[in-house]
Amino acid sequence: MTLSVTQIDVRHDDVAVALQQLRTRLSLQGNLVSERGRAKTVEVFGQPLTPEQVVATICQDVRTEGLGAVLRYTQGLDGVAVSADTLRVPAAALQAAHQQADPQLLNAVRRIRDNILEFQRAILHRDVRVERPRGVYLQHRYLPLRRVGICVPGGAAAYPSTVLMTAVPAQAADVEQVAIVAPPTPFGADNPDVLATCYELGVTEVYRVGGAQGVAALAYGVESLPAVDKIVGPGNLFVALAKRYVYGEVDIDSIAGPSEVVVLADESTDPRFTAADLLAQAEHSPGAAILITWCPEVVPATLQQLELQMEHLSRSDLTRQSLEQFGALIVVRNAMEACAVADSIAPEHLHIATQDAADLAPHIRNAGAIFLGNYSPVAVGDYVAGPSHVLPTSGTARWAAGLTANDFLRSCSLIHYTQAGLQGVAEDLQLLAAREGLTAHRASVEVRVGP
């Protein structure tokens, strides 16, 4: 079966319209729910609710009913009977998974943890103190959040990498308590690799609950699962909508959509590499995979490699479907136009796989993470490099950033004035307070230093 990927030529096609259609399909408004998921909604709720309605109902029920609602929705949506006694993964199960784990896996986890810690600690905010005359000083300090919750997916694949890329940045910031929620599935909280990774990192709180009910449990707190201050981590449409719903009750990292990559390629780019990069994102299914090139011959060479390589993938059918629905091959006039189109997409991952990759990077403003050169595939960021793989999607890289250790810090200002220091600013302060009609503000200074 011939692969049919959308092809766009800037010289003839309206790129902006085509990209907006793609972005809408991949956004929270796209309602990317499978037929099985729609049928499950009717089965559990008795009617064909929208994803927003599903999430609102679950979150409201968890908030008012507590653990009972969490267990009920876990049974209904995941098909697993979890009780109050089995909600939290026992310490013995974590230890047993670690003892039985492949030593090579544990060694890899340790090396990756060290990579992440090195990077995250290097970029960590430091306290700042500013001294002014007359005994005045100002300080800005950073304190770690006390307790955070992490969502780890577990529907179609197991993700020990997500444990690393979320828990280790929190640990770099010295967060005291880390609680992980993952669905009670063979790929989630029942997965030996996930549990072994948690144990290796010293994460002792792992709960067998996922989806919107897991997010709500973290936000509101239920019996045996205390509320957190912030929720981070990836998930499906329902997890993203639930994080949006509870924001304000707790902080969140982002409202993420499906994974996405944009690859910039020229005549120097190996088409085998390009195809492999596009397939790596498409296999998330859904996942957007977009090639931008100013060398027209790159397109057929990439298509040929996509067909050849897809035959050997374990998820080839889903990958093909994802490429055909959310993939695009775009031909532009030159490198600067390629950068402009990539910037307008503001992708989660941007791979500049060209001969002059480092020279093009300064022309990119909007991207979650940028990968430079033919030997920097997105996979190194997903697994081993050090920056977190939790990144902004759906064009939000225009204003959002990837998860870092700094997201687990709360800043606070300290202000110290002496009488002489207050006297020095009193005139300006009193003037502004009077202009704003806030006479009590002005009086609070006058009582100390006089009118």
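The values are calculated or read from the model by the stated rules, or taken from the named source; none is laboratory data. What you see is a predicted model; the values in this text were computed from it and never measured. Heads up, the Cβs are rebuilt from the backbone with ideal geometry, glycines too, and the neighbour counts pull from every protein chain shown.
Taken together, the criteria place Ala367 among residues that are aliphatic (A, V, I, L, M), crowded, with 24+ Cβ neighbours inside 10 Å and either part of a strand (DSSP E or B) or in the same structural domain as Leu291 (by TED's automatic domain parsing) (or both).
Matching residues to (1) surrounded by 14 or more Cβ atoms within 10 Å (Cβ to Cβ); (2) more than 25 Å from the chain's Cα centre (by Cα); (3) more than 26 Å from Ile255 (Cα to Cα):
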position	(1), (2), (3)
Ala92	no, yes, yes
Ala96	yes, yes, yes
Pro103	no, yes, yes
Asn107	no, yes, yes
Arg110	no, no, yes
Gln120	yes, no, no
Arg147	yes, no, no
Ala173	yes, no, no
Gln177	yes, no, no
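Per the conditions (1) modelled with pLDDT of 85 or more; (2) among the β-branched types (Val, Ile, Thr); (3) out of contact with any helix residue (DSSP H, G or I) (no Cβ under 7 Å at 6 or more places or on another chain), the sole criterion not satisfied by Val17 is (1). For the stretch 306-336, a residue qualifies if it is in contact with a Phe, Trp or Tyr (Cβ under 9 Å, 6 or more places away or on another chain) and buried (at least 16 other Cβ atoms within 10 Å of the Cβ), and the qualifying residues are Val331, Val332, Ala335.
The single condition among (1) in contact (Cβ under 8 Å) with a residue 60 or more places away in the chain; (2) farther than 30 Å from Gly424 by Cβ that Pro48 does not satisfy is (1). Figure legend. Inter-residue proximity from the stretch 1-29: first residues on the phi < 0 side of the Ramachandran plot, second residues of a type in the set (Asp, Glu) and modelled with pLDDT of 75 or more, beta-carbon distance below 6 Å, spacing 6+ or different chains. Indicated pairs: Leu3/Glu307; Ser4/Glu324. When Leu195 is tested against (1) over 22 Å from Asp407 (Cβ atoms); (2) assigned to a loop (DSSP other than H, G, I, E, B), just one condition goes unmet, and that condition is (2). For the stretch 378-429, taking the residues that are assigned to a loop (DSSP other than H, G, I, E, B) and more than 22 Å from the chain's Cα centre (by Cα), the one that is surrounded by the most Cβ atoms within 10 Å (Cβ to Cβ) is identified as Tyr417.
Selection within the stretch 333-364: residues that are in a loop (DSSP other than H, G, I, E, B) and touching a residue at least 60 places away in the same chain (Cβ under 8 Å). The member of this set that is farthest from Gln171 (Cα to Cα) is Arg333.
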